[in-house]
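Note sheet for the following structure.
The values are calculated or read from the model by the stated rules, or taken from the named source; none is laboratory data. Just so it is clear, the structure is predicted and the values come from calculations on it, not from any experiment. Positions of Cβ are generated from backbone atoms using ideal geometry, with glycine treated the same way; all protein chains shown enter the neighbour counts. For accessibility, only protein heavy atoms count, side chains too; no ligands or nucleic acids. Shrake-Rupley method; radii C 1.70, N 1.55, O 1.52, S 1.80 Å.
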Amino acid sequence: MARTKLVGQRLLYSISLFVSIGVFLKFGYDQGVMSGIITGTYFKAYFNDPTAIELGTMVAVLEIGAFITSVAAGQIGDKVGRKGTLFIGAVVFTIGGAVQTFTIGFWSMVVGRVISGFGVGLLSTIVPIYQSEISPPNHRGALACVEFTCNIFGYSSSVWMDYFCSFIDSDLSWRIPLFIQCVIGSILAFGCVLLPESPRWLIDNNREMEGMEVIADLHGGDANDPVAVAEYREIKDKVREEASLLRESGEERTYRVMWRKYKRRVLLAMSSQAFAQLNGINVISYYAQAGWIGRQAILMTGINSVIYILSTIPTWYLVDRWGRRAILLSGAVMMAAALMATGWWMYVDVPQTPNAVVLCVIIFNAAFGYSWGPIPWLYPPEIMPLVFRAKGVSLSTATNWAFNWIVGEITPFLQETIHWRLYPMHGFFCICSFILVYFLYPETKGVPLEEMDAVFGEDELEERLENASETNSLLANSEARMTGSRSNGEGGSVDTHPFAWVMNMYRRWRHRNYEPIRDET
């Protein structure tokens with residue numbers, strides 16, 4: 001492996017900025033570009049005034065494709081590596097963009113959207129993993145949040161591109177915005193060749209010298225740097241420990257084994273992405289364009305997107321100072337208040353309602369952009385162990401795409417049936433997310449990935465005991481129902497209540513102070 005020319009923080013920041021192109025594509029540009037062009041006169045004429053179902057299909061099929069490959073990305077990321085998965089995702093996305101740009105009709109557009117969705121699913125899964133695995137603990141949160149800002153910048157860029165191209169009096173008004181996807185995807189694909197592979201993936205795949213070389217480069221280029229050597233040893237020891245446990249149990253790195261051993265972490269990762277959608281971002285985005293049509297709708301969306309971008313910047317500085325929990329909790333409170341207020345103003349329906357609702361939309365977008373927008377992309381790769389990180393994050397990302405699609409599908413129907421009540425309903429979900437984070441989410445600020453077990457207060461035996469209730473004998477279950485607990489074989493007891501893992505997580509939360517594991521040698 002050829003040594004990189006950049007080393008230290010310059011290398012780290014260069015990598016982070018470059019993979020942000022993947023974030024720019026994964027959610028931002030690709031999702032935003034369609035919202036503007038489908039309202040254009042030339043687009044409608046080319047597709048013979050498509051029906052609402054046809055328009056919805058052209059937009060939504062991307063999420064279906066993304067869902068499929070986000071699940072598959074767990075296997076792909078482990079087999080071909082983080083860098084290889086990035087390259088594949090970028091190439092697939094570019095192909096899909098080309099099919100859309102040169103489409104000859106409705107079905108070719110649908111095919112192009114599905115292909116792009118495949119690429120987006122791979123990128124949306126692997127970019128957070130790659131970023132977390134190359135980032136130092138004290139800057140990991142900030143770098144992930146910078147990526148989310150690139151996500152929103154991509155969305156904003158697509159909206160403004162649609163707006164300016166709407167002044168073109170030909171089919172180029174919608175083909176040019178679609179072609180920009182190909183340009184960005186090509187840049188990412190070619191650049192992947194220059195990126196170093198994740199050192200954790202290299203060490204996990206018995207390429208230890210290459211892994212050490214990448215770690216040294218990230219620490220300034222000196223292979224004898226004590227910090228680099230200590231990090232290498234810690235990663236290597238953790239890989240050996242996890243591999244040894246799997247060998248002793250005769251198990252493989254399957255989704256079933258991951259669920260049995262780390263279901264708490266998987267559920268927390270999935271819940272973060274689920275609530276990112278249930279908390280109402282799609283509903284607010286839909287309302288933001290209400291009352292506006294054509295070019296005016298694109299303009300108002302563009303202005304709103306600028307506010308959205310600005311709201312993500314404070315998190316760069318706060319996430320590694322306040323921590324993940326404080327940001328999620330405060331964001332949930334502000335979003336709930338904005339949604340409740342939106343519902344109330346729509347219910348009273350007074351002359352001040354339109355302006356009041358616009359203000360509520362701005363407050364909500366700012367709160368979401370600062371909290372539940374970036375953190376659910378940061379948290380899952382942090383809490384999952386290396387051997388199951390790709391698979392765990394693939395499930396959390398698939399959860400995002402699934403709930404994104406569900407909420408998008410039912411929102412128009414709910415708006416017609418329950419009207420203003422829709423907003424307090426999502427405010428209730430914000431309250432639920434607050435409770436979930438407060439009691440069950442451990443803080444991960446400043447914790448090395450290899451020491452995350454200490455945050456959860458668990459070891460392999462404890463995981464095995466707490467997750468093995470389904471394999472207990474009938475006698476053990478009977479005794480558990482009478483006593484409420486069972487022996488763990490070491491003089492202690494393990495709660496067998498159906499929600500034992502929730503109660504155990506709550507106990508850990510009450511004693512959640514993390515103490516760094518230090519090398520005494």
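The condition of being surrounded by fewer than 17 Cβ atoms within 10 Å (Cβ to Cβ) and of a type outside the set (A, V, I, L, M) holds for only one of ASP162, ASP169, that being ASP169.
Residues are listed down the side, and each one gets a yes or a no for (1) among the small types (Gly, Ala, Ser); (2) under 19 Å from the mean Cα position of the chain (by Cα); (3) closer than 27 Å to LEU318 by Cα:
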{"site": "ASP349", "(1), (2), (3)": "no, no, no"}
{"site": "LEU359", "(1), (2), (3)": "no, no, yes"}
{"site": "ALA366", "(1), (2), (3)": "yes, yes, yes"}
{"site": "TRP372", "(1), (2), (3)": "no, yes, yes"}
{"site": "GLU382", "(1), (2), (3)": "no, yes, yes"}
{"site": "GLY392", "(1), (2), (3)": "yes, yes, yes"}
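Just give me the residues in the stretch 133-149 being open to solvent by less than 30 Å² (accessible area, probe 1.4 Å), out of contact with any Asp or Glu (no Cβ under 6 Å at 6 or more places or on another chain) and not basic (Lys, Arg), in sequence order. GLU133, ILE134, SER135, LEU143, ALA144, CYS145, GLU147, PHE148, THR149 - these are the residues of the stretch 133-149 that are open to solvent by less than 30 Å² (accessible area, probe 1.4 Å), out of contact with any Asp or Glu (no Cβ under 6 Å at 6 or more places or on another chain) and not basic (Lys, Arg). For the stretch 38-56, the criterion of being in a helix (DSSP H, G or I), acidic (Asp, Glu), out of contact with any Asp or Glu (no Cβ under 6 Å at 6 or more places or on another chain) and open to solvent by 20 Å² or more (accessible area, probe 1.4 Å) is satisfied by at least one residue. Only residues that are over 25 Å from ALA189 (Cα atoms) and aromatic (Phe, Trp, Tyr) were counted in the stretch 42-99, giving 4. Scanning the stretch 244-260 for residues being surrounded by fewer than 14 Cβ atoms within 10 Å (Cβ to Cβ) and more than 25 Å from ALA398 (Cα to Cα) gives a total of 5. Exactly one residue out of ILE215, ILE184 is assigned by the TED database to the domain that holds LYS79 and surrounded by 19 or more Cβ atoms within 10 Å (Cβ to Cβ): that is ILE184.
The set of residues from the stretch 91-123 being of a type in the set (Ser, Thr, Tyr), open to solvent by less than 10 Å² (accessible area, probe 1.4 Å) and assigned to a helix (DSSP H, G or I) comprises THR101, SER116.
With respect to the conditions (1) at pLDDT 90 or above; (2) surrounded by fewer than 21 Cβ atoms within 10 Å (Cβ to Cβ); (3) part of a helix (DSSP H, G or I), VAL59 falls short on a single one, namely (1).
Evaluating TRP377 against the criteria (1) open to solvent by 10 Å² or more (accessible area, probe 1.4 Å); (2) more than 10 Å from the chain's Cα centre (by Cα); (3) among the aromatic types (Phe, Trp, Tyr) leaves one unmet condition, (2). Restricting attention to the stretch 386-397, does a residue exist that is under 16 Å from LEU278 (Cβ atoms), part of a helix (DSSP H, G or I) and not polar (S, T, N, Q)? The answer is no, given that none of the residues of the stretch 386-397 is under 16 Å from LEU278 (Cβ atoms), part of a helix (DSSP H, G or I) and not polar (S, T, N, Q). Among residues belonging to the stretch 109-119 that are in contact (Cβ under 8 Å) with a residue 60 or more places away in the chain and in contact with a Ser or Thr (Cβ under 8 Å, 6 or more places away or on another chain), point out the one that is nearest to ARG82 (Cα to Cα). Result: GLY119.
Among the residues of the stretch 74-90, the one identified as over 17 Å from LYS391 (Cα atoms) and open to solvent by less than 50 Å² (accessible area, probe 1.4 Å) is ALA90.
Pick out the one residue from ALA332, ALA326, ALA341, ALA337 that is touching a Ser or Thr at 6+ places or on another chain (Cβ under 9 Å) and crowded, with 16+ Cβ neighbours inside 10 Å. Sole residue among the options that is touching a Ser or Thr at 6+ places or on another chain (Cβ under 9 Å) and crowded, with 16+ Cβ neighbours inside 10 Å: ALA332. Yes or no: ARG240 at pLDDT below 90 and over 26 Å from PRO448 (Cα atoms)? The answer is no for ARG240. Set side by side, the residues TRP372, TRP420 differ, and just one is surrounded by 20 or more Cβ atoms within 10 Å (Cβ to Cβ) and touching a Gly at 6+ places or on another chain (Cβ under 6 Å), which is TRP372.
Going residue by residue through the stretch 6-22, is there one that turns out to be open to solvent by less than 40 Å² (accessible area, probe 1.4 Å), of a type in the set (A, V, I, L, M) and closer than 20 Å to VAL407 by Cβ? Within the stretch 6-22, none of the residues are open to solvent by less than 40 Å² (accessible area, probe 1.4 Å), of a type in the set (A, V, I, L, M) and closer than 20 Å to VAL407 by Cβ.
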